[in-house]
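Asker: To start, I am sharing the structure in question, which I have written as structure tokens.
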Amino acid sequence: MHIGLLRALAIFVALATSSASVAQDAEPQPPTAAAAEPVKVGLYLSPPFVMEKDGAYAGLAIDLWEAFSDSAGLESDYQVFPTVRELVLATAAADIDVAVTNLTITRRRAETVDFTHPWFDAGMRIMVDDDRTTSFGDVWDGLRDSGFLRAYAWLAFVIVVATLLVTLFDRRFDKSFPTRWRDGVAESFYTVMSVTTSGKPPSRKNLFGWVGRIWSAFWLVCGIAVFAYITSSVTSVMTTISLTNQINSLDDLPGQTVGVLAGGVSQDYAEEQGFAHIEYASTDEEVAALLRGEVAALIGDAPVLEYYAHTHPEDTVSVVGAIFEPDKYGFALPPGSPLTKRLSLEIIGASESGALDDFSSRYFGDQP
């Protein structure tokens, strides 16, 4: 009887052990670091979030990713993409495992990729060229749009007619006037333009006494009026252009051409607002275009523009206006990626422990 009881007990233990082993085998186990392949990490260079120096990568986004990958025992295979658009497309197609940069979380992007928990609060601001000057083309366009060029055309017509009349008059009554038409017209044109531009005629003979003096005085008044009109119109246009060129907020952007990053949220915003815009692949390219005068201002991520202005004092650029279109940054992964939840939990944990603020303070101080 005791032997039978012992056999039954032995069989029960064996079955229990076998069941536990089967259950354990059925549960998915995370791969070991040695067996796991390197994670394909897509990057977009955007200081201070992703920067390259001496063949290595650094920045706030890189610090966050490597803190997670080190704790998870993952190796990273970095690949740089030329634009944000190409980075997002590669993520959506699962050509890479994670997109690491200051990638704004938007509904349009969330329809094609998965986002982690946000790790940075941002928004957009405007960058302008402090030394932007008024060009001749700007003045010409301003005069044309204001209708002054048409008035100048009439004035030019009057000057031509006046030159011909003076020529005919002096040839008829002034015996010392040049006999050749070429010389006579040149002399008359000089007389007319002297009155028009300075209000003072060159020395001329008074051929008709007091009547000639009154006529000369009347012509002087007309010349001064013409000169004053031209001066005031040009000054008015230049003042208007100067005020128009001063960009301090979003209200000053309508009618201007702005620079944006290709595939970025700044491009989406410019298109939604109907702003004329030109796309550039990087911040360096769009700042260079701003300094060349190709665009009147740049729209971009506030921390990126602020960091550029701070680290490039040799460039005469400033970031102006308040933050608009506030947004959040997150890492993007292919739809259904098993890393999304794990990475989000790491970000939440870093936020709760204060580690996320420590990372940010390395690049933005105590108040990013």
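Asker: Being hydroxyl-bearing (Ser, Thr, Tyr) and assigned to a loop (DSSP other than H, G, I, E, B) is the filter here, so list the residues in the range 326-368 that pass it. It would help to see each step written out before you state the result.
Answerer: Residues of the range 326-368 hydroxyl-bearing (Ser, Thr, Tyr): 329, 337, 340, 344, 351, 353, 360-361, 363.
The one that is hydroxyl-bearing (Ser, Thr, Tyr) and assigned to a loop (DSSP other than H, G, I, E, B): SER337.
Asker: How many residues does the range 103-119 contain that are of a type outside the set (A, V, I, L, M, F, W, C), touching a residue at least 12 places away in the same chain (Cβ under 8 Å) and out of contact with any Lys or Arg (no Cβ under 8 Å at 6 or more places or on another chain)?
Answerer: Result for the range 103-119: 7.
Asker: Right, something else. So which pairs qualify, if the first residue must be in the range 174-187 and under 14 Å from VAL160 (Cα atoms), the second must be among the basic types (Lys, Arg) and not in a loop (DSSP other than H, G, I, E, B), the Cβ gap must be under 7 Å, and the two must be at least 6 apart or on different chains?
Answerer: Final answer for the pair search is GLY184/ARG171.
Asker: Same structure, new question: Take ASP183 and tell me if it is at pLDDT 75 or above, part of a helix (DSSP H, G or I) and of a type in the set (Asp, Glu).
Answerer: Details: at pLDDT 75 or above: yes; part of a helix (DSSP H, G or I): yes; of a type in the set (Asp, Glu): yes.
So ASP183 passes the test.
Asker: Continuing with the same structure: Here is a check on your reading of the model: is ILE323 surrounded by fewer than 21 Cβ atoms within 10 Å (Cβ to Cβ), within 15 Å of the chain's Cα centre (by Cα) and part of a strand (DSSP E or B)?
Answerer: It is true that ILE323 is surrounded by fewer than 21 Cβ atoms within 10 Å (Cβ to Cβ), within 15 Å of the chain's Cα centre (by Cα) and part of a strand (DSSP E or B).
Asker: Residues that are more than 13 Å from the chain's Cα centre (by Cα), modelled with pLDDT under 95, in a strand (DSSP E or B) and not assigned by TED's automatic domain parsing to the domain that holds VAL50: does the range 280-301 have at least one?
Answerer: no
The values are calculated or read from the model by the stated rules, or taken from the named source; none is laboratory data. For clarity, every value in this text was computed on a predicted model and none was experimentally measured. Cβ sites come from the backbone with ideal geometry, for glycine too, and all protein chains shown count toward neighbours.
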